[in-house]
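J.: There's a structure below that I have some questions on.
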Amino acid sequence: MKKQIGVLAVQGDFQEHMDALRRLKIDCIEIRKSSDLMGSGINGIILPGGESTAMGKLLHELEIFDELKRMIIEGLPVFGTCAGMILLAKTCVNDDRTYLGTMDIEVRRNGYGRQLGSFSEKGLVKEIGEVPMVFIRAPYIEKTSENVEILATSHGNIVAARQGNMLVTSFHPELTMDLKIHEFFVDVLCNA
Ligand code: GLN
């Protein structure tokens, strides 16, 4: 059956994720309000990079939050990049706010500070291979529980991880031409 992937489109770089999915010839829809989610039958969802505080607030205002959280807990595959990772984290060491809180990771917002705020490099992601990694005021993962698989590190910090139906990266594959991580999400997580 043909898969359809939703992309949360309330704030941030959702357009770049839509473009990446289209390049993979994957059917995708923007999720902007609760009715886009309910009864949508999507096979997975991407939470883009942007500003986690703004996105978290909009998820509530647009009444998407509860349904999205329920769907993720029930197994909907989800891929969070950067701010999307913060939305999924159970705790954030330097911010009291938590959002969906479905993934057993502890993150540090803007982990690289102002000096190294944005940079890119190549790095190895377990199960996927070498990919370009673009970091923009990125969070990283400080701690995980045992059921979280660490997929990549950079500067000694965890920057990609998976826990069952949830995949997160600190960096932005959607801002590069490399489609391997999107492909992994769609082929592996959304097929499980
Ligand atoms: N610094 C942003 C936040 O804390 C994340 C940055 C990004 O998504 N590029 O939400």
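The values are calculated or read from the model by the stated rules, or taken from the named source; none is laboratory data. Just so it is clear, the model here is predicted, and its values are computed rather than measured. So basically every Cβ, Gly included, is an ideal-geometry build from the backbone, and we count neighbours across all protein chains shown. Please note that ligands, DNA and RNA were not included when accessible areas were found on the heavy atoms of the full protein model with its side chains. Shrake-Rupley method; radii C 1.70, N 1.55, O 1.52, S 1.80 Å.
J.: Would you kindly identify the strands (runs of 3 or more DSSP E) lying entirely within the stretch 123-180 that contain at least 1 residues that are touching a strand residue (DSSP E or B) at 6+ places or on another chain (Cβ under 7 Å) and closer than 18 Å to V78 by Cα?
T.: In the stretch 123-180, the matching strands (runs of 3 or more DSSP E) lie at 140-144, 149-154, 157-163, 166-169.
J.: So R70 passes all but one of these: (1) touching a helix residue (DSSP H, G or I) at 6+ places or on another chain (Cβ under 9 Å); (2) free of Cβ contacts under 8 Å to residues at least 24 places away in the same chain. Which condition number does it fail?
T.: Here R70 meets the rest and fails (1).
J.: If you go through the stretch 12-38 one residue at a time, how many are more than 15 Å from E183 (Cα to Cα), away from the ligand (no atom under 16 Å from the Cβ) and not acidic (D, E)?
T.: The number of residues fulfilling the criteria is 8.
J.: Would you check which residues across the stretch 66-86 are more than 16 Å from the ligand (Cβ to nearest atom) and either within 25 Å of N110 (Cβ to Cβ) or touching an Asp or Glu at 6+ places or on another chain (Cβ under 7 Å) (or both) and list them? Please lay out each step first, then the result.
T.: Initial filter on the stretch 66-86 (more than 16 Å from the ligand (Cβ to nearest atom)): 66-77.
If the condition is that a residue be more than 16 Å from the ligand (Cβ to nearest atom) and either within 25 Å of N110 (Cβ to Cβ) or touching an Asp or Glu at 6+ places or on another chain (Cβ under 7 Å) (or both), then L68, K69, I72 are the ones that fit.
J.: Next question. Could you please tell me which pairs satisfy a Cβ distance under 8 Å, a separation of 6+ or placement on different chains, a first residue in the stretch 39-55 that is near the ligand (Cβ under 6 Å from one of its atoms) and at pLDDT 95 or above, and a second residue that is aliphatic (A, V, I, L, M) and open to solvent by 20 Å² or more (accessible area, probe 1.4 Å)?
T.: Here the result reads G49/I136, each pair linking the stretch 39-55 to a residue that is aliphatic (A, V, I, L, M) and open to solvent by 20 Å² or more (accessible area, probe 1.4 Å).
J.: Is it the case that some residue within the stretch 20-30 is open to solvent by less than 30 Å² (accessible area, probe 1.4 Å) and of a type in the set (D, E)?
T.: Scanning the stretch 20-30 turns up no residue that is open to solvent by less than 30 Å² (accessible area, probe 1.4 Å) and of a type in the set (D, E).
J.: Sticking with this structure for a sec: Would you point out the residue of the stretch 134-157, among those that are within 16 Å of the ligand (Cβ to nearest atom) and closer than 11 Å to I105 by Cβ, that is surrounded by the most Cβ atoms within 10 Å (Cβ to Cβ)?
T.: The selected residue is P139.
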